[in-house]
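Below is one structure, written out as structure tokens; comments come after it.
The values are calculated or read from the model by the stated rules, or taken from the named source; none is laboratory data. Source: prediction; values computed, not measured. Please note: Cβ atoms are built from the backbone with ideal geometry, for glycine as well, and neighbour counts cover all protein chains shown. In case anyone asks, the SASA skips ligands and DNA or RNA and just uses the protein heavy atoms, side chains included. Shrake-Rupley method; radii C 1.70, N 1.55, O 1.52, S 1.80 Å.
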Amino acid sequence: FDAFGNRRPMNSDNVTVSIGGDVGSVQAGTASYSGRFSRRTAGTAQLVVRVNGQALPNSPLLNVRPGAVSAAATILAAHPSQAAGVTISDRVIRGPAGSQFLFTLRPVDGVGNAYTNEVTTAVLGLLVTPASRVTVVYAGDGVYNASVQLTRAGSYSTRATVNGAPAGQAESDGFTVLVRPGIASAQQSGAAGPVDAVAGSPALVNVTLRD
């Protein structure tokens with residue numbers, strides 16, 4: 001429209017649309033213009049429509065949310081525990097049997113936007129091999145906490161999952177967990193020896209220590 005409210009002929013003006021610096025495309029219809037834009041960065045941004053270089057007043061703020069959760073981009077992190085004796089070096093976690101091994105999962109979309117709220121369109125998990133019981137809870141700010149208690153000494157592998165599919169771009173995106181035996185337990189340990197012994201002679205006793 002012109003300054004007096006008269007409708008302008010279509011295609012007689014230069015109409016542009018942009019959001020947060022990303023320029024969209026505008027197509028003229030029979031009675032109005034339609035604009036399209038694509039923004040890769042999530043968050044709040046100003047939608048600006050210009051006619052012949054002049055911005056229209058009262059341009060709205062748009063909230064651009066992250067896209068679908070990407071298994072390839074989702075991030076798995078592990079956390080040491082000095083009190084429990086759990087350490088991490090070069091994506092290898094070491095700790096005693098019985099420890100709670102702690103992880104965080106950060107869902108990310110296909111263009112690198114991390115979620116800042118709970119995901120309702122995907123299920124995040126932690127795959128531990130050999131199979132072990134894992135607890136995953138939403139901690140806020142888009143982050144999920146995962147924990148697993150490993151009671152058997154040995155080597156384990158861990159990977160984040162999105163809808164059951166392994167997350168990350170390679171096997172190296174996971175962690176190896178090396179579980180060592182814990183402190184010796186009197187209840188689990190045992191001793192065996194001869195029923196009869198000769199006074200003054202040594203007797204052999206076998207002691208087996210278990211955690």
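Counting only protein chains, not ligands or nucleic acids, how are THR208, THR116 ordered by accessible area (probe 1.4 Å), most first?
Putting THR208, THR116 in descending order of accessible area: THR116, THR208.
What order do ILE93, ILE88 take when sorted by accessible area (1.4 Å probe), most exposed first?
Of ILE93, ILE88, the descending order of accessible area is ILE88, ILE93.
Determine the order of ILE75, ILE183 by accessible area, beginning with the largest, at a probe radius of 1.4 Å.
Result of the area sort, largest leading: ILE183, ILE75.
Spin-label point model (7 Å from Cα, Cβ direction): what's the TYR138 to ASN206 distance in nm?
In this crude label model, TYR138 to ASN206 measures out at 5.6 nm.
Quantify, in whole percent, the carbon and sulfur part of the accessible surface of the stretch 86-189 (1.4 Å probe; protein heavy atoms only).
49
What figure in square angstrom, to the nearest 10, would you give for the accessible area of LEU102 with a 1.4 Å probe?
Approximately 80 Å² of LEU102 is accessible to the 1.4 Å probe.
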